[in-house]
Amino acid sequence: MNRKLLITLDSNWEHSLKQAARIAQNGMKKNRYQGEILNFVNAQDFFSKLSEKKWQIIHQMINNKVYGVRELARQMQRDVKRVHEDLKVLEELGIIEKNEDGSIFCPYTEIHIDMHIQQAA
């Protein structure tokens, strides 16, 4: 199965939660995978959690290849400690996952970012 992640930026977390529930219900009715959603309530949270370095890790890992932390750091020519810190954040967000042996991978074949900015009411 090709897993897909939609990252949204919506300050109305209740709306985001309801949207995710609708998508899940639709998937259950159709017995089809509908993708997954990760929402940030503001741009500050988004950019603090998903820095340029973390995006580089995601880009490196999105091919579903399994890595050890040291191997990933070596390939990216980065400090192991810093890569480990970035991976911890990405794992907390659910963007990467760990195997039982501790190796890491990105389970998604596609990640889409949807940011909508509008004038305040």
When every residue in the range 98-121 that is part of a loop (DSSP other than H, G, I, E, B) and aliphatic (A, V, I, L, M) is compared, the one nearest to the chain's Cα centre (by Cα) is Ile117
Those residues of the range 46-78 which are outside any helix (DSSP H, G or I) and not hydrophobic (A, V, I, L, M, F, W, C) amount to Ser51, Asn63, Asn64, Lys65, Tyr67, Gly68, Gln77, Arg78
Looking for something touching a residue at least 60 places away in the same chain (Cβ under 8 Å), surrounded by 12 or more Cβ atoms within 10 Å (Cβ to Cβ) and within 18 Å of Ile104 (Cα to Cα) - is there at least one such residue anywhere in the range 46-69?
no
Exactly one of (1) assigned to a strand (DSSP E or B); (2) within 21 Å of Asn2 (Cβ to Cβ); (3) not acidic (Asp, Glu) is unmet by Ile95. Its number?
(1)
For residues in the range 20-33 being closer than 22 Å to Thr109 by Cβ and not hydrophobic (A, V, I, L, M, F, W, C), which is surrounded by the fewest Cβ atoms within 10 Å (Cβ to Cβ)?
Asn31
Among the residues of the range 35-45 satisfying the criterion of being outside any strand (DSSP E or B) and of a type in the set (S, T, N, Q), which is modelled with the highest pLDDT?
Gln44
Given (1) in a loop (DSSP other than H, G, I, E, B); (2) in contact with a Phe, Trp or Tyr (Cβ under 8 Å, 6 or more places away or on another chain), identify the lone condition not met by Ile7.
(1)
Output the residues belonging to the range 79-88 that are part of a helix (DSSP H, G or I) and either free of Cβ contacts under 8 Å to residues at least 12 places away in the same chain or among the acidic types (Asp, Glu) (or both).
Val80, Lys81, Glu85, Asp86, Lys88
Pair list, Cβ < 9 Å and 6+ apart or interchain, from the range 20-36 residues that are free of Cβ contacts under 8 Å to residues at least 24 places away in the same chain to residues that are among the polar types (S, T, N, Q) and part of a strand (DSSP E or B)
Ala20/Asn39
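The values are calculated or read from the model by the stated rules, or taken from the named source; none is laboratory data. On a predicted model such as this, the values are computed, not experimentally measured, just so you know. When we count neighbours, we look across all protein chains shown, and the Cβ atoms used for this are built from the backbone with ideal geometry, even at glycine.
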